[in-house]
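Student: Handing you a structure now.
The values are calculated or read from the model by the stated rules, or taken from the named source; none is laboratory data. Source: prediction; values computed, not measured. Here the Cβ positions follow ideal geometry from the backbone for every residue, glycine too, while neighbour counts run over all protein chains shown. Heavy atoms of the whole protein, side chains included, go into the accessibility calculation; ligands, DNA and RNA do not. Shrake-Rupley method; radii C 1.70, N 1.55, O 1.52, S 1.80 Å.
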Amino acid sequence: MFLMYKIKQILEDFYVKELMKLNLDQGNYAYFLVRKNNLTTLDALLLIAEKAKINLKNIGYAGNKDKKAVTEQYISIRNGNRNLENLKINNLELKFVGYNNKRINLGNNIGNEFIIVVRNLNKKYNKINFIINYFDEQRFGKSNIKIGKYLLQGKFKEICKLLNLDYRNPLESLKKLNKKELRFYLYSYQSYIFNKAVSKYLKSKYKNYRKVKYSLGELIFVNKKEKLKFPLVNFDTKFSKKEKVFLKILKEEGIKLEQFLIRELPWLIDETLYRDVFADVRNFKTLFYEKDELNIEKFKQVINFILPKGSYATILIKQMFS
């Protein structure tokens, strides 16, 4: 019987540290390194805001980190002070690092460093130098894609039902939600389309490829790398020859580009962003390969590497160990 690798059997098996260039000097933003486990980034920020008695809007951060992991990331707190590192919060520590005159915003990090224990192995696996830059399961959640598509279709009542909101006046209910939350649903749908397009493109271009199943279908992995960006499709996207695959997918989905202009919720309207289809893996090394104490007669491989911001370590695991 085929036995798959295992990750995240215990929290300490998955460690990620955010990498950021810090120019610390003076300013009214206090910077902290947040170390957390078994908490989403949003959960951690809500706890900090509650304990410190500050408005959540005064906390800035660069990106979301996994819940089932030990993670370290930087936050800024407007008009904060170093004494906040003494806050007592379960599963969370704050370390003051200095002051700055700028808020930390989404995307300010330059990458992430990972140390991951991959378990239940029969052999040692060779390093890889790049990944196919798919979005992974964490991006999508249970209903995120469906809600994102409903936003484009104007099915606001259906969204309210999914989110357990008052659907008698659905637009008003949605307007009361955090704008970042609504944007994330739309991003999830765009990410889903990106994954489908990359898989179809690679499958059509390369003869030698591997299929890996995941919750939304299959991911295609190849051993060659090319310099290529694909869009997170939007109302203003202009498709190149290589990107024509998007048109077929959108037709299958029953979605037109103009539907990304959601006039009832104008803050959701954005311009096309592009994402690398291939991403470099930096400083990859195997730290240990030894007997796996959690899985009888199996081995574990402890790997350390750096990925660009927005790239998923779990995709590296899928590509390397599947």
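Student: Output the number of residues of region 270-322 satisfying the condition of being over 20 Å from Lys224 (Cα atoms), of a type in the set (A, V, I, L, M, F, W, C) and out of contact with any Lys or Arg (no Cβ under 8 Å at 6 or more places or on another chain).
Tutor: The number of residues fulfilling the criteria is 4.
Student: Looking at (1) surrounded by fewer than 20 Cβ atoms within 10 Å (Cβ to Cβ); (2) in contact (Cβ under 8 Å) with a residue 60 or more places away in the chain, which is the only condition Phe194 fails?
Tutor: All conditions are met except number (1).
For every residue, the table says whether it meets (1) polar (S, T, N, Q); (2) over 24 Å from the mean Cα position of the chain (by Cα); (3) closer than 20 Å to Gly63 by Cα.
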{"site": "Glu226", "(1), (2), (3)": "no, no, no"}
{"site": "Lys242", "(1), (2), (3)": "no, yes, no"}
{"site": "Arg282", "(1), (2), (3)": "no, no, yes"}
{"site": "Leu287", "(1), (2), (3)": "no, yes, no"}
{"site": "Ile296", "(1), (2), (3)": "no, yes, no"}
{"site": "Ala313", "(1), (2), (3)": "no, no, yes"}
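Student: Another one. If I ask for residues that are open to solvent by 10 Å² or more (accessible area, probe 1.4 Å), under 12 Å from Ile116 (Cβ atoms) and either assigned to a helix (DSSP H, G or I) or at pLDDT below 95 (or both), which ones from region 296-317 would you list?
Tutor: If the condition is that a residue be open to solvent by 10 Å² or more (accessible area, probe 1.4 Å), under 12 Å from Ile116 (Cβ atoms) and either assigned to a helix (DSSP H, G or I) or at pLDDT below 95 (or both), then Thr314 is the only one that fits.
Student: Does Glu243 meet the test of being in contact (Cβ under 8 Å) with a residue 24 or more places away in the chain, farther than 30 Å from Asn129 by Cβ, surrounded by 14 or more Cβ atoms within 10 Å (Cβ to Cβ) and not aromatic (Phe, Trp, Tyr)? Break it down stepwise before answering.
Tutor: On the way: in contact (Cβ under 8 Å) with a residue 24 or more places away in the chain: yes; farther than 30 Å from Asn129 by Cβ: no; surrounded by 14 or more Cβ atoms within 10 Å (Cβ to Cβ): yes; not aromatic (Phe, Trp, Tyr): yes.
The answer is no for Glu243.
Student: Moving to a separate point now. Write out, first by first residue and then by second, each pair whose Cβ atoms fall under 6 Å of each other, whose residues are 6+ apart or on separate chains, and whose first residue, in region 206-232, is under 25 Å from Phe140 (Cα atoms) while the second is open to solvent by 100 Å² or more (accessible area, probe 1.4 Å).
Tutor: Filtered contacts from region 206-232: Glu218/Lys211; Lys229/Tyr274; Pro231/Tyr274.
Student: Looking at (1) more than 22 Å from the chain's Cα centre (by Cα); (2) free of Cβ contacts under 8 Å to residues at least 40 places away in the same chain; (3) buried (at least 19 other Cβ atoms within 10 Å of the Cβ), find the lone condition where Glu50 falls short.
Tutor: It fails just one condition, (3).
Student: What number of residues within region 67-122 are among the hydroxyl-bearing types (Ser, Thr, Tyr) and either on the phi > 0 side of the Ramachandran plot or open to solvent by 70 Å² or more (accessible area, probe 1.4 Å) (or both)?
Tutor: Residues flagged as among the hydroxyl-bearing types (Ser, Thr, Tyr) and either on the phi > 0 side of the Ramachandran plot or open to solvent by 70 Å² or more (accessible area, probe 1.4 Å) (or both) within region 67-122 amount to 1.
Student: Next up: For the condition on the phi > 0 side of the Ramachandran plot and out of contact with any Leu (no Cβ under 8 Å at 6 or more places or on another chain), what is the one hit in Glu297, Glu258, Glu271?
Tutor: Of the residues listed, the single one that is on the phi > 0 side of the Ramachandran plot and out of contact with any Leu (no Cβ under 8 Å at 6 or more places or on another chain) is Glu297.
Student: Looking only at region 170-186, count how many residues are touching a helix residue (DSSP H, G or I) at 6+ places or on another chain (Cβ under 6 Å) and without any contact (Cβ under 8 Å) to a residue 40 or more places away in the chain.
Tutor: Residues that pass the stated criteria total 2.
Student: Turning to a different aspect of this structure: State the number of residues belonging to region 269-295 that are farther than 29 Å from Lys21 by Cα and buried (at least 18 other Cβ atoms within 10 Å of the Cβ).
Tutor: Residues meeting the conditions: 1.
Conditions tested, residue by residue: (1) open to solvent by less than 60 Å² (accessible area, probe 1.4 Å); (2) in a loop (DSSP other than H, G, I, E, B); (3) of a type in the set (A, V, I, L, M, F, W, C).
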{"residue": "Lys124", "(1), (2), (3)": "no, yes, no"}
{"residue": "Ile131", "(1), (2), (3)": "yes, no, yes"}
{"residue": "Phe135", "(1), (2), (3)": "yes, yes, yes"}
{"residue": "Lys146", "(1), (2), (3)": "no, no, no"}
{"residue": "Lys149", "(1), (2), (3)": "yes, no, no"}
{"residue": "Leu152", "(1), (2), (3)": "yes, no, yes"}
{"residue": "Cys160", "(1), (2), (3)": "yes, no, yes"}
{"residue": "Asn164", "(1), (2), (3)": "no, yes, no"}
{"residue": "Arg168", "(1), (2), (3)": "no, yes, no"}
